[in-house]
Amino acid sequence: MLTFLAGLGFGLSLIVAIGAQNAFVLRQGVRRGHVGVVVAICAVSDAVLIAAGVGGLGSLVQRAPAVVEVARWLGAAVVLGYGVLAARRAWKGEEQLVAATSAVVPDAGRRLRPVALTAVALTWLNPHVYLDTLVLLGSISSTYGDARWWFGAGAVLASLLWFSGIGYGGRLLAPLLERPGAWRVLDGVIAVIMLAVAVSLVTAA
């Protein structure tokens, strides 16, 4: 149980930092747009990577830096593109107009495929996810010996709880977004986060 709780705490410490993936999940939660699919993609992806890390595949990432390098540039492009779209919405107030015509936007007609693909891209094209799960979490789990899978299980639960919380909890912000300009502020904040992440990826050593 202590090993499980250690994995839970460490998993949360890695995932709660505000980044491109978390900003996207939160925004979909506020929109109530395919939240279950987005949460499932993020949580299952984390579970797969954590299991691989606990299983010892982190050494492969360390021996193949080209994989992380490719993910870094592709990820930067995806995050930059999403940031530009968010900045455009913030500038023109497009989301505010959509909200005004569709109650508090239970998806507002957004198709599932582009939402799912964005969630996949923001997860699997983020080089930090490989370093955090395969290398860092995998290395720490190895110190628990035969109990390392309990450590991994705790980290998987942390991921599921976090993404479910910000995804399904995002709707609690809906009343605030009925105010004029509120969507523009949210999209402006998301744009800044996305652009900052893109810059950090490009300038990473």
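With the cut-off at 1.5 for a/c, could you classify the stretch 2-203 from its C-alpha gyration tensor as rounded, prolate or oblate?
prolate
Along Cα→Cβ, 7 Å out, is where each label goes; now give me the distance between the ones at ARG113 and VAL84 in nm to one decimal.
Spacing of the two 7 Å Cα→Cβ label points: 2.2 nm.
Taking 0.36 nm per residue of sequence separation and subtracting the Cα-Cα distance, how much length would be gained by fully extending the chain between TRP73 and LEU161, in nm to one decimal?
28.7 nm
Starting from the Cα of LEU136, move 7 Å in the Cα-to-Cβ direction to define the label point; list residues of the stretch 2-46 whose amide nitrogen is under 13 Å from there.
Backbone N within reach: 10-19.
I need the phi-derived Karplus couplings for the stretch 166-171: 6.51 cos²θ - 1.76 cosθ + 1.60, θ = phi - 60°, integer Hz, Gly and Pro marked x.
After applying 6.51 cos²θ - 1.76 cosθ + 1.60, I find 6, x, 7, x, x, 5 Hz.
I want to make sure I understand the PRE zone here: with the label point 7 angstrom from the Cα of LYS92 toward its beta carbon, which residues in the stretch 14-41 have backbone N atoms less than 20 Å away?
Zone members listed by number: 28, 31.
Rule-based calculations on the coordinates, nothing more; no lab input. These numbers come from a predicted model, not from an experiment. Glycine also receives a Cβ, built like all others from the backbone with ideal geometry; neighbour counts cover every protein chain displayed.
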